[in-house]
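So the structure is just underneath, and the comments pick up after that.
The values are calculated or read from the model by the stated rules, or taken from the named source; none is laboratory data. These figures come from a predicted structure and were not determined experimentally. For neighbour counting, all protein chains shown are included, and Cβ atoms are generated from backbone atoms with ideal geometry for every residue, glycine included. Surface accessibility is based on the protein's heavy atoms, side chains included, excluding ligands, DNA and RNA. Shrake-Rupley method; radii C 1.70, N 1.55, O 1.52, S 1.80 Å.
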Amino acid sequence: MIKITLPDGTIKEYSKGSTPMTIAKTISEGLARNVISAKFNDTTVETTTPLQEDGSLVLHTWGSTEGKKTFWHSTSHIVAQALEELYPGVKLTIGPAVENGFYYDIDLGEQVLSENDFPKIEKRAIEIARGKHDFKMRSVSKADALALYKSQNNEYKVELIENLEDGTITFCDHDTFTDLCRGGHIPNTGIVKAIKILSVAGAYWRGDENKKQLTRVYGISFPKQKELTEYLELLEEAKKRDHRKLGKELELFTFSQKVGQGLPLWLPKGAALRERLEQFLKKAQKKAGYEMVITPHIGQKELYVTSGHYEKYGADSFQPINTPKDGEEFLLKPMNCPHHCEIYNNKPYSYKDLPKRFAEFGTVYRYEQSGELHGLTRVRGFTQDDAHIFCTPDQVDQEFKNVIDLSIYVLQSLGFDDFKAQVSIRDMDNPDKYIGDVKNWEIAEQAIINAAEDKGLDYVIKKGEAAFYGPKLDFMVKDALGRNWQLGTIQVDYTLPERFDLTYKGADNQLHRPIMIHRAPFGSMERFIALLLEHTGGNFPLWLIPEQAIVLPVSEKHEKYAEKVLELLKNNEIRSRVDSRNETVGKKIREAEMNKIPFMLIVGENEEEANTISVRRHGGEDLGAISINDFTNLVNTEIKSTLKSF
RNA sequence: GCCGACGUAGCUCAGGGGUAGAGCGUUUCCUUGGUAAGGAAGAGGCCACGAGUUCGAAUCUCGUCGUUGGCUCCA
């Protein structure tokens, strides 16, 4: 007998060789029907794996993340079988589950896969699923495994197997299909009722752009057809919140081929919104002791050679600007920090002067790869809400924590409650990627982790994601389609002060190196506004939205009164205009609704007589006829309640 | 940069070897309207750009540019 500990803490005895499935049956028939994967002593096992020893068992159904992952990974086997049948001679590689679905990477040889091929792949895959084939794991010796894939000329699987220990190699079979796989499958293919191929893309083998590009087939699957339909509807809804679509509809920004790829043009409404965001942060930063500075858009190439940016990114950047005078070279600035270092160098500092906090909305230019450009989230010219804090070693902790507070204040003021923090540290296996003293890296990494802990941030540590000059703490937010983007960032840097020979005089009358903290709570104005658009669906907070109210005269007869109302609104700094077009009120309301204007102020005979306005909120709520004074108070109260000061 | 898809009026899109269509928007006129589309008429396109095939190309082929889903990259 073996003792099995269940998640609720109960320990039950089962005969040796019981499987998760048979154990599930003893708990309840319903559970047995729904269990699709299992973890034994924290290792993923099949539901049919005989358990030989005491241990803890967790059973997963579709309702759990683990269950979904197993379900999707299993579907990748089914899709791989379909691909293998439909495209003879393809070489299989890997097929993991991802956050929403799964993918399978295959080498198609000369063959090309496009969207037109999806239906036939889906059709064959679902046929296979309906065959209710059991997923069966079996152990294979390293020699046999290698022999199989060598006979198929599958160099990918051979490479994978060569990195595995003999005795740990398993294959998974279902129907006529066999695949090298470490396991974790649903009991049989029949549980998969709906399969959708979502997209096809190139993906480098092992994520290395120097290796061969494979064809990656993305898909998703569900235990019920209805769930697939709902998922696809969700995707459609998400597309409506795409910032590129909303930015166009709300006339916030545009791009022009004549200006250039990835160079956003801010339209009046977008520029006004951005200006307001900047004012909001400037106010908070003033309280937090920052001083604004202004630096030019270009700098001598030498400046970036000194900072190390040129060596690291020079070849892939906008190339140097030459001047009529020989030998002079300037770079469009890709970073503000070197300029700020020189501002620091303008005069000597005592330890009593520190920290110095220099802030600037600095526009930088980076030659991002063309395939990377994406709306406003990845552009070639953008404005950072940048600042550099120069402080003594014993001020770093406090300064870092203060910046975390400011970043959280910014995110929460704009309704981002679901951000994640990411601590990016070095990849020790790749020391060439970084500059600076190892000891300082250790201090800086630890300081960031301590600060994240101290502030109770929900954070993950990512190895190899650090900047080349130092570790960082980033605030990550998801877009409408679930893609992660870095917004705010805080970085500790011991290197640039060294390179720019920054000093301050300590209490000991000796010169010391300050430590630099790079930080940007928004990150880039462009990306931040893009994410804000997707989060709010264009319904920005009242204090930020370009147009707060629109006055809608019922007919031309009431235009004069409408103008009078508008003037009063403007006197009260409420951003508004009159829709005096020769249209019906219904039409004007419809358009104001579509333009997401928070308040529609209808004025006609009744209002003119009583000196009021009839207020309709975006969405349809009728606030009735009130005085302009009451309306102004309403707007101001609402703004005060949503916009707390730092 | 790489792989796949796409590019038709200001916007959203249909069409497709014989010289261009709808809805919305815009303009003019009629209408003077009460909480999500009042009516009529008109203007508006070198069908991204460049080559090629063809009697003829917006349509087919190739290339370029741009957009897009991924990969790689992200100071």
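Give the long-range amide H neighbours of residue A:329: residues separated by 5 or more places, or on another chain, with amide H under 5 Å away, using H modelled in the peptide plane at 1.01 Å from N. Result for residue A:329 returns A:301. For residue A:432, the accessible surface of its heavy atoms amounts to roughly 140 Å² (probe 1.4 Å, protein chains only, rounded to the nearest 10). Largest accessible area first, the listed residues A:556, A:609 line up as A:609, A:556 when surface is computed with a 1.4 Å probe on the assembled protein chains.
For the listed residue pairs A:286/A:356; A:212/A:433; A:401/A:472, the alpha carbons are over 19 angstrom apart in A:212/A:433.
The angle separating the long axis of helix A:225-240 from the principal Cα axis of greatest extent in chain A is about 30 degrees.
Here residue A:505 is the anchor, and the aspartates and glutamates within straight C-alpha reach of less than 18 Å, apart from those fewer than 8 places off in the same chain, are A:342, A:353, A:394.
By the rule of a C-alpha distance below 19 Å, with chain neighbours fewer than 8 residues away ignored, the aspartates and glutamates paired with residue A:570 are A:275, A:547, A:559, A:579, A:607, A:608, A:630, A:638. P(r) for the stretch A:253-535, from all Cα pairs and a bin width of 5 Å, is 1, 5, 12, 16, 19, 18, 14, 9, 4, 1, 0, 0 %, short bins first. Computed 3J(HN,Hα) for the stretch A:597-606, one whole-Hz value per residue from the Karplus formula 6.51 cos²θ - 1.76 cosθ + 1.60 where θ = phi - 60°, is 7, x, 10, 10, 10, 8, 10, x, 4, 4, glycine and proline marked x. Angle of helix A:525-536 to the longest C-alpha principal axis of chain A, folded into 0 to 90 degrees and rounded to 10: 70°. Of the residues A:637, A:10, the one with the largest accessible area comes first in the ranking A:637, A:10, computed with a 1.4 Å probe on protein heavy atoms.
Tell me whether chain A comes out rounded, prolate or oblate; compute the Cα gyration tensor, take square roots of the eigenvalues as a ≥ b ≥ c, and use a/c under 1.5 as the rounded threshold. Oblate, because a/c is 1.5 or more while a/b does not exceed b/c. For the pair residue A:164 and residue A:465, how long in nm is the line joining their label points, each one 7 Å along Cα→Cβ? A separation of 3.0 nm, rounded to one decimal place. Couplings 3J(HN,Hα) for the stretch A:201-210, derived from phi with the Karplus relation 6.51 cos²θ - 1.76 cosθ + 1.60 (θ = phi - 60°), are 8, x, 8, 6, 4, 6, x, 10, 5, 8 Hz, where x marks Gly and Pro.
For a test of the definition: using alpha carbon positions, the gyration tensor, and the 1.5 limit on a/c, classify the stretch A:2-61 as rounded, prolate or oblate. It is rounded, given that a/c, with a ≥ b ≥ c, falls under 1.5. If you keep only loop residues by DSSP, which GluC sites (Glu not before Pro) in the stretch A:130-234 have at most 16 other Cβ atoms within 10 Å of their Cβ? When the GluC sites (Glu not before Pro) of the stretch A:130-234 are filtered for loop state and at most 16 Cβ neighbours within 10 Å, A:165, A:209 remain. Residue separation of residue A:458 and residue A:323 scaled by 0.36 nm, minus their Cα-Cα distance, works out to 43.6 nm of gained length.
For chain A, averaging the sequence separation of C-alpha pairs within contact (under 8 Å, six or more residues apart) and dividing by the residue count gives a relative contact order of 9 percent. Computed from backbone phi, the HN-Hα couplings of the stretch A:69-77 come to 4, 4, 4, 6, 4, 4, 5, 4, 5 Hz, rounded to whole numbers (Karplus: 6.51 cos²θ - 1.76 cosθ + 1.60, θ = phi - 60°; Gly and Pro given as x). When A:516, A:137, A:21 are compared by accessible surface with a 1.4 Å probe, the order from highest to lowest is A:137, A:21, A:516.
Net charge of the neighbourhood of residue A:339, taken over other residues with C-beta under 10 Å away and scored Lys/Arg +1, Asp/Glu -1, is -2.
Can you send over the carbon and sulfur percentage of the accessible area for the stretch A:458-551, probe radius 1.4 Å, protein chains only? Show your work: numbers first, answer last.
On the way: 1290 of 2890 Å².
It is 44 percent, rounded to a whole number.
Proximity of backbone amide H atoms, modeled 1.01 Å from N, is registered between residue A:467 and A:472 at under 5 Å, excluding neighbours fewer than 5 places apart on the same chain. Determine the shape class of the stretch A:549-642: with a ≥ b ≥ c the square roots of the Cα gyration tensor eigenvalues, call it rounded for a/c under 1.5, and otherwise prolate if a/b is greater than b/c, oblate otherwise. Oblate. With a Förster radius of 30 Å applied to the C-beta separation of residue A:229 and residue A:134, the computed FRET efficiency comes to 0.60.
If R0 is taken as 56 Å, the Cβ-Cβ distance between residue A:31 and residue A:559 corresponds to a FRET efficiency of 0.20. Charged side chains reduced to their Cβ positions (Lys and Arg at +1, Asp and Glu at -1) give the stretch A:253-535 a dipole of some 780 debye around its Cα centre.
Ignoring ligands, DNA and RNA, what percent of the 1.4 Å accessible area of the stretch A:293-378 is carbon and sulfur? Roughly 49 percent, rounded to a whole number.
Grouping the Cα pair distances of the stretch A:422-543 into 5 Å bins from zero gives a pair-distance distribution of 2, 10, 17, 18, 16, 14, 10, 6, 4, 2, 1, 0 percent in increasing distance order.
Counting 0.36 nm for each residue step from residue A:640 to residue A:605 and taking away their Cα separation leaves a gain of 9.3 nm. Global size of the stretch A:91-211: 15.3, 42 Å for Rg and Dmax (C-alpha atoms, Rg to one decimal, Dmax whole). The lysines whose alpha-carbon is closer than 17 Å to the alpha-carbon of residue A:25, local same-chain residues fewer than 8 away aside, are A:3, A:12, A:16, A:39. With contacts taken as Cα pairs under 8 Å at a separation of at least 6 residues, the stretch A:432-581 carries a relative contact order of 16 percent. Accessible surface computed residue by residue for chain A, with neighbouring protein chains in place and a 1.4 Å probe, gives 49 Å² per residue.
Spatially, the stretch A:63-114 and the stretch A:181-214 are offset by 3 Å when compared through their Cα centroids. Helical runs (DSSP H, four residues minimum) scored at -39500 (n - 2.57) apiece and divided by the length of chain A put the mean residue ellipticity at 222 nm at -10500 deg cm²/dmol. Placing unit charges on each Cβ (+1 for Lys and Arg, -1 for Asp and Glu) gives chain A a dipole about its Cα centre, and among A:393, A:620, A:232 the Cα reaching farthest toward its positive end belongs to A:620. Applying a 4.7 Å cutoff between beta carbons, the unpaired cysteines of chain A are A:337, A:341, A:391.
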